[in-house]
1. Can you tell me the dipole magnitude for the range 1-125 around its Cα centre, using point charges on the Cβ only (Lys, Arg +1; Asp, Glu -1), in Debye to the nearest 20?
2. Per 10 Å bin, what is the whole-percent P(r) computed from every C-alpha pair distance within the range 30-174?
3. Report, to the nearest whole %, how much of the accessible area of the chain belongs to carbon and sulfur atoms, 1.4 Å probe, protein only.
4. With +1 on each Lys and Arg Cβ and -1 on each Asp and Glu Cβ, and nothing else charged, work out how big the dipole of the chain is about its Cα centre, in Debye to the nearest 20.
5. Contact order normalised by length for the range 21-179, with contacts defined as Cα pairs under 8 Å and 6 or more residues apart; what percent is it?
6. Picking from Ala227, Met240, Thr312, whose Cα lies most toward the positive end of the charge dipole for the chain (charges on Cβ: Lys, Arg +1; Asp, Glu -1)?
7. Take the alpha carbon atoms of the range 31-70, find their center, do the same for the range 342-418, and report the distance between the two centers in whole angstrom.
8. Tell me which of Pro97, Gly112, Ala77 sits at the most positive position along the dipole axis of the range 71-163, charges placed on C-beta atoms (Lys, Arg +1; Asp, Glu -1).
Amino acid sequence: MPKDILYYSNKLKFDDILVDIVSGEATYLKIANSKIDSVVNDNSTNGSLFLSKSKKLISEDLPDVSDKSVKSTLKKAAKTIGKLSPKNDYYGIAEGPFNYKGRGKPDAKISGFQIKDVVDVAEQIISELDYKDVKDIAGMVTLEKLKDSLMTNKDVNANSSTAYIKVTAHITTKEGFSYQETAAFSKYSEINIKKFCDNLYYTVSQIKTKGKIKSDTYDLIYKPSSASNLLQEVTAAATMSEIENGSFLKGRLEHKVADENVSIIDSGIAKGMISSSCYDDEGYPTKDNSVIENGILKTYLYNWSEAKKHNTESTGNAGLIESEPNTLIFKHKNPKKSLDSLISEIDKGILVTNTWYTRFDNHSTGDFSTVPRDLAIYIEKGEPKFAISQIKGTQTVGIRVNDNIIRMLKNIESASKSPVQAISWDAEEPALVPDILVKDVKVTTV
């Protein structure tokens, strides 16, 4: 199919042509009121086109990949592209051929999952969370099995397959406390629903009362979901598209931007990560890029065109119009054994489980704010004391983190030993992160 679309596109004499077709099967199971609410199974094939002519660029979605629809889309694109302004600093798409290493075949057992297996996972979640003080269980179980085929007129021909499960569970206790966790698995051997549910319940079971705090400086422990939200802002800021727009990492190569024990890797080939791919959006091979190594900013992230413009090599981070990060992996030289060991070190602090509305007040300096939601636990003298509740009847807890992201990176004190594939409200792509302890963070209250 990509070969046919490439043939039709060549007839219209575009300079650069990229065709990407994704086909697959997805099963979505919803849990509501502590029972399975609905199951939807969907088979689909769709695609996208990227085209250039005289440095003028256009991209098109292909929800319908039939010959008639594709030809109609191409004709409209050929007319539209002539009316566009050129992007003078555009230097083309990746020129192949390439050899791809890294991902391999998807896990055979997950690839073999059917609707019954998805139902089994959901039933185990409900069973494992059936504690006497749990009032309600909600969530989602998603199974996706996808095949991707990418071809260009620059001798790129790339194919990959993936299969994975994502689980989300949200519990509300009879005392009115609620908490949500999300996990992702692309290896059958790593699926551990009991451990996932035990961690979820353990967090919410630590507190029995609600209370208020004052605006002040606190030590924060970020659970993996909230940590991924914060840290993915760092790899996004390292992309050349963001550097050219004045991100907080501009001009900081080979400078200290984090604690010396902290390293952050941008990886396209990390094994077991559901977002890994052996090639980027233009078919260039991905790899591990050490963005931050022992606290020092080591590299920016480029697509092919940006690399040509800056006289360097692509890092495997296309985005076609602009560069994009791959999977984030966080590493700490001296991790602690557990979340409890991090909590024991805190004299006055907050356990942040989820965040949303992360926004930059000043993108060039890194000043930002984010809003903790669901459950934030006040910690005093190494012990969880109460769930912070400044506002009644809302999912937010009534506090806001207002700080500087580079200052916070430099104040990362420690981390737990067991990273997980974490997904958050504002960062839907998984990151491999543990619980992270950050000292002296500014928190304001409503």
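1. Values: 20 positive and 17 negative charges, 153 e Å.
Approximately 740 debye in magnitude.
2. Reading the bins upward from 0: 9, 24, 23, 19, 16, 8, 1.
3. Numbers: 9290 of 20190 Å².
On the chain, the fraction of accessible area on carbon and sulfur atoms equals 46 percent.
4. Details: 59 positive and 61 negative charges, 74 e Å.
For the chain, the charge dipole is close to 360 debye.
5. Working: 266 pairs, mean separation 44.7, N = 159.
Once normalised by length, the contact order is 28 percent.
6. Met240
7. 36 Å
8. Ala77
The values are calculated or read from the model by the stated rules, or taken from the named source; none is laboratory data. Fair warning: this is a prediction, and the values are worked out from it, not measured in the lab. Quick reminder, even Gly has a Cβ in these numbers, built from the backbone with ideal geometry, and neighbours come from all protein chains shown. We work out accessible area using only protein heavy atoms, side chains counted, and drop any ligands, DNA or RNA first. Shrake-Rupley method; radii C 1.70, N 1.55, O 1.52, S 1.80 Å.
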